[in-house]
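Below is one structure, written out as structure tokens; the observations come after it.
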Amino acid sequence: MKELINIKNLTKEFKNGHGIYDINLSIREGEVFGYLGPNGAGKSTTIRHILGFMKPQKGQIFVDGIDAWKESSKVNAILGYVPGEIAMPEFMTGFEFIKYIFEIRKLKDWNYVEELIEFWEFDPKVKIKRMSKGMKQKVSLICAFMHKPKVLVLDEPTSGLDPLMQEKFINLIKSVKAEGRTVILSSHIFQEIEKTCDRVAIVKNGRIVSNIDMDEIKYNENKKFEIVFSKQTEMKDFLSVYDNKNTQVIDKTKLFINLKQKDMQDLLKIISKFNTRIFKEIPFTLEEYFMDFYKFKKENEKND
């Protein structure tokens, strides 16, 4: 699969000590790529460099072979962008702003724009100053998709949208991927990432600390089990013989156990001696990977 976006040793340090450091990423054509991290970690700074909005202090970014800083106008011609913070002229209606972007891009297929307006169930007659956060988000999405860009860079794209619209967004991304287009998705909604992304990178304090395929997360060696015992005494006796510091007691008969794949046989051997009503594996989620990863890193930092 062709490499469409290549980020090499990208570094940008700000006066306040924050920034991004030696970011190296390769994003393939037709890939939906998730970019995760807490606020202030460096996600938006990375995105602004991809768009050619910021000059790298060190390193380079190439989008489809084009230098993002030196030839930003060429890059923006093939990019669709939804910013994390949306600012639009409030005196305009939704229709006027969408038409304005359409004309700036010198597009011809207005029928497709109307399809997007209908898809998002958006009323374009409303003035921007009277729009809710969700309505403004729809305007931004319509403008990002209207020219059928080769690459979509989406920063918190479903912020303010209701669950129905969020599900429509997921289906739209799946159809974009089926067309062979590339998506960079930054979102705090883990399920959104899980349902759409092929791969995710986690950024912390301006550095990439994990870059992993979603399948690796789904089939992680970490396992989680829910166990509900038939009686309170059964669970009490089980806990007296099973030693695992990652056991979470929920109530008098229910608990969760986190363990490694290699330790499963020990659990199965012991649990077979007790009467249970429920014994099932709970699929490992991206959120758990993200949170466990940060916990692991913090413990390491304390030990350094």
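The values are calculated or read from the model by the stated rules, or taken from the named source; none is laboratory data. Not measured: the values here are computed from a predicted model. FYI the Cβ positions are ideal-geometry reconstructions off the backbone, even for glycines, and counts take in every protein chain you see.
Are any residues in the stretch 90-114 exposed (fewer than 13 other Cβ atoms within 10 Å of the Cβ) and either of a type in the set (F, W, Y) or not assigned by TED's automatic domain parsing to the domain that holds G160 (or both), and if so, which ones?
F91, W110
I23 fails exactly one of the following numbered conditions: (1) within 18 Å of V153 (Cα to Cα); (2) surrounded by fewer than 14 Cβ atoms within 10 Å (Cβ to Cβ); (3) hydrophobic (A, V, I, L, M, F, W, C). What is the number of that condition?
So I23 meets the others, but not (2).
I'd like to check something: does the stretch 189-201 contain any residue that is crowded, with 17+ Cβ neighbours inside 10 Å, polar (S, T, N, Q) and modelled with pLDDT of 90 or more?
yes
Being touching a residue at least 24 places away in the same chain (Cβ under 8 Å), of a type in the set (D, E, K, R) and assigned to a loop (DSSP other than H, G, I, E, B), is that true of even one residue in the stretch 13-25? Let's see the steps before the verdict.
We begin by selecting, within the stretch 13-25, every residue touching a residue at least 24 places away in the same chain (Cβ under 8 Å); these are 13, 18-25.
If we keep only those that are of a type in the set (D, E, K, R) as well, we get 13, 22.
After this cut, where a residue has to be assigned to a loop (DSSP other than H, G, I, E, B) as well, the list is none.
Checking the stretch 13-25: not a single residue is touching a residue at least 24 places away in the same chain (Cβ under 8 Å), of a type in the set (D, E, K, R) and assigned to a loop (DSSP other than H, G, I, E, B).
Please find, within the stretch 37-51, the residue that is nearest to P83 (Cα to Cα) out of those that are part of a loop (DSSP other than H, G, I, E, B) and touching a residue at least 60 places away in the same chain (Cβ under 8 Å).
Ranking the qualifying residues of the stretch 37-51, first place goes to L51.
Quick one: which helices (runs of 4 or more DSSP H) sit completely within the stretch 115-207 and have at least 1 residues that are assigned by TED's automatic domain parsing to the domain that holds A41, over 15 Å from the mean Cα position of the chain (by Cα) and of a type in the set (S, T, Y)? Steps first, answer last, please.
Values: elements: 133-145, 163-178, 190-196.
Counting at least 1 such residues, we get 133-145, 163-178.
If we keep just the residues of the stretch 221-236 that are hydrophobic (A, V, I, L, M, F, W, C) and more than 14 Å from S272 (Cβ to Cβ), which is surrounded by the fewest Cβ atoms within 10 Å (Cβ to Cβ)?
Just the residues of the stretch 221-236 that are hydrophobic (A, V, I, L, M, F, W, C), to begin with: 225, 227-229, 235.
Narrowing further to those that are more than 14 Å from S272 (Cβ to Cβ): 228, 235.
On the way: V228: 16, M235: 21.
The extreme case among them is V228.
Kindly check whether there is at least one residue in the stretch 160-180 that is of a type in the set (S, T, N, Q) and in contact with a helix residue (DSSP H, G or I) (Cβ under 8 Å, 6 or more places away or on another chain). Walk me through it before giving the result.
The first filter runs over the stretch 160-180 and keeps only residues of a type in the set (S, T, N, Q), leaving 166, 171, 175.
Adding the requirement that they be in contact with a helix residue (DSSP H, G or I) (Cβ under 8 Å, 6 or more places away or on another chain) leaves 166.
Yes, the stretch 160-180 has at least one match.
Could you tell me whether A87 is part of a loop (DSSP other than H, G, I, E, B), surrounded by fewer than 15 Cβ atoms within 10 Å (Cβ to Cβ) and of a type in the set (A, V, I, L, M)? Let's see the steps before the verdict.
Details: part of a loop (DSSP other than H, G, I, E, B): yes; surrounded by fewer than 15 Cβ atoms within 10 Å (Cβ to Cβ): yes; of a type in the set (A, V, I, L, M): yes.
Yes: the conditions hold for A87.
Pick out the one residue from N205, N222, N258 that is touching a Ser or Thr at 6+ places or on another chain (Cβ under 9 Å) and within 30 Å of A41 (Cα to Cα).
Values: N205 fails: touching a Ser or Thr at 6+ places or on another chain (Cβ under 9 Å); N222 fails: touching a Ser or Thr at 6+ places or on another chain (Cβ under 9 Å).
Result of the check over N205, N222, N258: N258.
Confirm whether G34 is more than 25 Å from K195 (Cα to Cα), in the same structural domain as I173 (by TED's automatic domain parsing) and either not aromatic (F, W, Y) or not in a loop (DSSP other than H, G, I, E, B) (or both).
Working: more than 25 Å from K195 (Cα to Cα): no; in the same structural domain as I173 (by TED's automatic domain parsing): yes; either not aromatic (F, W, Y) or not in a loop (DSSP other than H, G, I, E, B) (or both): yes.
Here the answer is no, as G34 does not meet what is asked.
Kindly list the number of the only condition in (1) crowded, with 19+ Cβ neighbours inside 10 Å; (2) over 26 Å from I117 (Cβ atoms) that fails for Y81.
(2) is the only condition that Y81 fails.
How many residues are polar (S, T, N, Q) and either surrounded by fewer than 17 Cβ atoms within 10 Å (Cβ to Cβ) or in contact with a helix residue (DSSP H, G or I) (Cβ under 6 Å, 6 or more places away or on another chain) (or both) when one looks only at the stretch 44-70?
2
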